[in-house]
1. Working with all protein chains in place, sort 119, 109 by solvent-accessible area computed with a 1.4 Å probe, largest first.
2. If you bin every alpha carbon distance in region 8-77 into 10 Å steps from zero, what whole percent lands in each bin?
3. In region 1-111, carbon and sulfur make up what percent of the accessible area (probe 1.4 Å)?
4. Of the peptides 111-118, 48-55, how do they stack up when ordered by the mean number of other Cβ atoms within 10 Å, highest first?
5. Read phi for every residue in region 77-90 and hand back ³J(HN,Hα) as whole Hz from Karplus 6.51 cos²θ - 1.76 cosθ + 1.60, θ = phi - 60°, with x for Gly and Pro.
6. Put a dot 7 Å past each Cα toward the Cβ at residue 116 and residue 17; how far apart are the dots in nm?
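The values are calculated or read from the model by the stated rules, or taken from the named source; none is laboratory data. Worth saying up front: this structure is predicted, and the values here are computed from it rather than measured. Neighbour counts are summed over all protein chains in view; Cβ atoms, including those assigned to glycine, are modelled from backbone coordinates with ideal geometry. Protein only, heavy atoms only, side chains kept; ligands, DNA and RNA dropped before computing areas. Shrake-Rupley method; radii C 1.70, N 1.55, O 1.52, S 1.80 Å.
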Amino acid sequence: MYPFPQSVTPAVRTHMDAQTAFVNEMSKSLFRSFQQMCELNIQLAQTMLEETTLASQHVLSVDRQSELLGAASARAQPATEKLRAYQQHISRLATDAQVELARVTEQHVQNTTRTARAVVDEVARTSAEEAERGIRSQQEALRTMTDPFTRADGAIHARGDGALQPAQSPQQASQQAAQQAAQASQQVRQAGATH
């Protein structure tokens, strides 16, 4: 329906479409009500203009003053009835507009609510995935901070003399340390035996 960038997910697009349909339907209903109100006002203005024209013609054609008051009062009654009918039409239009808006709301609220839930679920899932990635990257950063001689790939350690050697498992490291300790103790014995 509308061109969306790639970053907009299908759930957001569906929710936006549902919201747009709801707003369009509401706008159509309000516009129809406004249009009917305008037509009613135009009709009232035409009727009142006709009544005023007839009343003025009748008043101008009267020969006596006593007939003048009678002609004016005779025209006042139909004008009052027309204003009462206008008021009833306005009340009916307002009621019809409320019923139409309630119908549109009822028709679209379930779909809009469903799509909003889908958006919330997707945002929650995406947030959980992002949080998990962040935790993993923080754990990796902590691992590299605890063993500063480990490279990012974890394959090379630096020895005390500055030479690099392949990384070892903890068992291999403890065995190597034991061998180095045994060699050092033999060297100390040999040095003590020669002196």
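1. Details: 119 30, 109 70 Å².
Ranked from most to least accessible, the order is 109, 119.
2. Pair shares across the bins are 17, 22, 15, 13, 11, 9, 7, 4, 0.
3. Values: 4840 of 8290 Å².
Exposed carbon and sulfur together represent 58 percent of the surface.
4. In decreasing order of mean packing, 111-118, 48-55 become 111-118, 48-55.
5. Coupling constants for region 77-90: 4, x, 5, 5, 5, 5, 5, 5, 5, 4, 4, 5, 4, 5 Hz.
6. So the two model labels end up 2.0 nm from each other.
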